[in-house]
Amino acid sequence: MKVQVGIIGGGPSGLLLAQLLNLQGVETLVLEKHSREHVLSRIRAGVLEHGFAELMREVQCGDRMDKEGEIHDGFFIAHDGICNRIDLKGLTGGNSVIVYGQTELTRDLYEGLDRMDGNVVHNAKDVQPHDIESSQPYLTWREGDKAKRVDCDYIIGADGFHGVSRKSIPKEKLREFERVYPFGWLGVLSQTKPVSSELIYAKHERGFALCSLRSQVLSRYYIQVPLSDTIEDWSDEAFWSELKKRLPSDVSQSLTTGPSLEKSIASLRSFVAEPMRYGNLFLAGDAAHIVPPTGARGLNSAASDIYYLYHAMVDHYQKSDDSGLMNYSETALARIWKAQRFSWWMTTLLHRFPDNIPYDDRLQRTDLEYLLSSKLAQASLAENYVGLPF
Ligand code: APR
Ligand code: PHB
């Protein structure tokens, strides 16, 4: 079997690229380790920047996003008992974000792939790239007890942080940059009316909190917790009580609580692997980089990789122009590092760092005071939050 582009991983990155390429007549095969049900059971963030939404429309998967997703023109930063609004639209000259869950988006992408009869193998076990330095790389995997192989021109590693792609690059050819934060986020999804129609990012001496939503009847809340905590430590009652303590009193008084539909703790990490290309293997999305969720950049960073890869592949196949492929790693990383900087900054601004010395706390407070007193500083925040141009 032969395809032009073999894609490891059927998350948002792999699915989006497969469809963009298929629509341009480039043949792809997606190998996904898990079942579709498993992939669609993962609850992840849900803030899309304009560029991502455009890609969803380009692959004809944007209808539900445009119907059910919510356009958000701003969000709040809560601190010291009050809320300050960041006017994304006003500060960026008309830009906003779409709140639409990653789970829904992934479902739309799978349905799109079905409609175009795209090639996807679920439950592909032991996927392994081979001969990636050569011009004839290939992929092997197992389907049940059958051994499979596909030859490719290019292999895309879109298999997330724990995937096999990045690990198949020789250690001495890869440089990894990492910061692990000394806390996690405890997240709760609940079938309740969101406390605010716009997101609230709350800085509090007890720790950070976030009020987000999936729809007007589905809320998503988070609180910063120590890494040693487990979900068994947090009953629903304990969660709601702690969340309320971290929000301004008028907000917590109007908070509707209810049973959690999902509850999980995620650790926070910043990570970049360089380069994003080795031979004919190209890394994209979480396989190459991770951000803490504070600036809502994770999914959007994946989208920018896909944007660059897509254009590079189309230039190669349709115009015999390889400059996009040659420059992919450099171009993608330039934008990735800006998203890294922004996510690190917003995380640093709003969380309680257990090892901070008093000097650090004063600087953190000053950073927030400066932000809230300067329209230019807010414009920089807004510019990054809605997404830098590709
Ligand atoms: N073989 C095949 N598939 C694999 C393998 C493997 N060895 N390892 C992992 N996968 C699959 C996972 O099961 C998953 O479905 O690759 C997919 C990777 O998907 P994601 O982790 O969602 O990564 P990505 O598609 O890059 O999405 C970007 O943005 O909001 C962030 O972290 C969030 O998932 C999100 C990401
Ligand atoms: C979410 O809704 O899950 C969410 C929103 C914004 C973030 C992080 C997570 O910054």
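The values are calculated or read from the model by the stated rules, or taken from the named source; none is laboratory data. Note that the structure is a prediction, hence the values are computed from the model and not measured. Reconstructed Cβ throughout: ideal geometry from the backbone, glycine too, with neighbour counts over all protein chains shown. These area figures cover heavy atoms from the full protein model, side chains too; ligands, DNA and RNA do not enter into them. Shrake-Rupley method; radii C 1.70, N 1.55, O 1.52, S 1.80 Å.
Values computed for the structure shown
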quantity	calculated
Contour excess over end-to-end distance, with Cα ends at R365 and E232 and 0.36 nm allotted per residue	44.6 nm
Per-residue [θ]222 nm for the chain (sum of -39500 (n - 2.57) over DSSP H runs n ≥ 4, rounded to 500)	-11500 deg cm²/dmol
Residue-span extension gain [S35 to E176] - 0.36 nm each, minus C-alpha spacing	47.8 nm
For region 1-148: accessible area per residue (Å², 1.4 Å)	44 Å²
Surface/4 estimate of mean projected area, convex hull on alpha-carbon atoms of the chain, nm²	19.7 nm²
Mean-position separation - Cα centroids, region 1-43 and region 265-344, in angstrom	16 Å
For region 250-327, convex hull volume per residue from C-alpha positions, Å³	161 Å³
Charge tally in the Cβ shell below 10 Å around F208, where Lys, Arg are +1 and Asp, Glu are -1, F208 excluded	+4
Radius, Kirkwood style, for region 188-241 when every pair of distinct Cα atoms is counted (Å)	11.9 Å
Percent accessible area from carbon and sulfur atoms, the chain, protein chains only, probe 1.4 Å	49 percent
Relative contact order (%) - region 206-337, alpha-carbon pairs under 8 angstrom, separation at least six	15 percent
Solvent accessible area, Å² - K125, 1.4 Å probe, full protein context	70 Å²
Cα-Cα over 29 Å, subset of K171/K338; K193/K245; K146/K263; K173/K263	K146/K263; K173/K263
Accessible surface, per residue, of region 307-390 when the full set of protein chains is kept, probe 1.4 Å, Å²	53 Å²
Rough spin-label spacing in nm, given labels placed 7 Å along Cα→Cβ, for E262 and R85	3.0 nm
